[in-house]
1. In the chain, with Lys and Arg counted as +1 and Asp and Glu as -1 at Cβ, which of these residues, Gln166, Met1, Val197, has the Cα nearest the positive end of the dipole, that is, farthest along it?
2. Sorting Ser28, Ser174, Ser208 on the 10 Å Cβ count, fewest up front, what's the list?
3. Which of Phe221, Phe148, Phe126 comes first, and how do the rest follow, when ranked by fewest Cβ neighbours within 10 Å?
4. Order these by the 10 Å Cβ neighbour count, fewest first: Phe116, Phe3, Phe51.
5. So what is the calculated 222 nm ellipticity per residue for the chain, using -39500 (n - 2.57) for each DSSP H run with n of 4 or more, over all residues, to the nearest 500 deg cm²/dmol?
6. How long are the three semi-axes of the equivalent ellipsoid of the chain, in whole Å, if each is the root of 5 times an eigenvalue of the C-alpha gyration tensor, listed from largest down?
7. Once you put a point 7 Å from the Cα of Leu212 and another 7 Å from the Cα of Lys158, both along the Cβ direction, what distance in nm separates them?
8. What number of lysine-lysine pairs in the chain show an alpha-carbon separation below 18 angstrom, given a sequence spacing of 8 or more or placement on distinct chains?
Amino acid sequence: MNFAVLQFPGSNCDQDCVHVLKNVCGHSARLLWHKDTSLGDAQAVIVPGGFSYGDYLRTGAIARFSPVMQAVQQFAANGGLVLGVCNGFQILCEAGLLPGALVRNRSLQFRCENVFLKTATKNSPFTNQVPEAKLLRVPIAHGEGCYFADPETIASLKSNNQVLWQYCDANGQSTELANPNGSVENIAGVCNQARNVAGLMPHPERASEKLLGSEDGLHIFKSLIHWLENQPKSKAA
């Protein structure tokens, strides 16, 4: 599989994503600079975490206008897989590729800690290899991770099965105490209606090796790889 990992001024998780895809999962992964205008032979795109363009104006608001994002827009429109992590999730929402927005944490503090996620559905390219009832223990690191959308959008997300992950406690309960940032409905990640674009605030690439204390994030990357390996031909190819 060929993965493209975007790189903006201020990205800080791009190398981590490349490492996991290449050295842990054993697939091809390369960095694409924000000024690139083509995704080349990429079969999937990762929009990584960090502070693109210094998070000036608003998180993800400047990155959405970068040349590479125009290529990502077309790639997604053709059915290509796109996953945004943390700042990448913010960028995809700003670009209109995902519904909703990420706003300041309820605490108005930067949160850096491990959280538990429950997978709301396995019916997506991003969750299909998550074991049944498996809670994912992954880290967060964000100041603007509170997912917000109007009631009509939330209702649509739920009815279309677009909520992919929710924050929960160690027992799988989506309580207020288990919600690290105040996200509506404890939402940690969603996908678009076509199910080929997804975003989540926690960092699966930081929980993909035993030496990091958790390998739970690998289930998300393995889901992407499994989906790609079982497609007759990528629509975006």
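Taken together, the values in this text are just the output of simple stated rules run on the coordinates, not laboratory data. Since this is a predicted model, take the numbers as computed values, not measurements. Please note: Cβ atoms are built from the backbone with ideal geometry, for glycine as well, and neighbour counts cover all protein chains shown.
1. Most positive-ward Cα: Met1.
2. Fewest-to-most ranking of Ser28, Ser174, Ser208: Ser28, Ser174, Ser208.
3. Phe148, Phe221, Phe126
4. Phe51, Phe116, Phe3
5. -5500 deg cm²/dmol
6. With the √(5λ) rule applied to the chain, the semi-axes are 24, 20, 18 Å.
7. In this crude label model, Leu212 to Lys158 measures out at 3.2 nm.
8. 11
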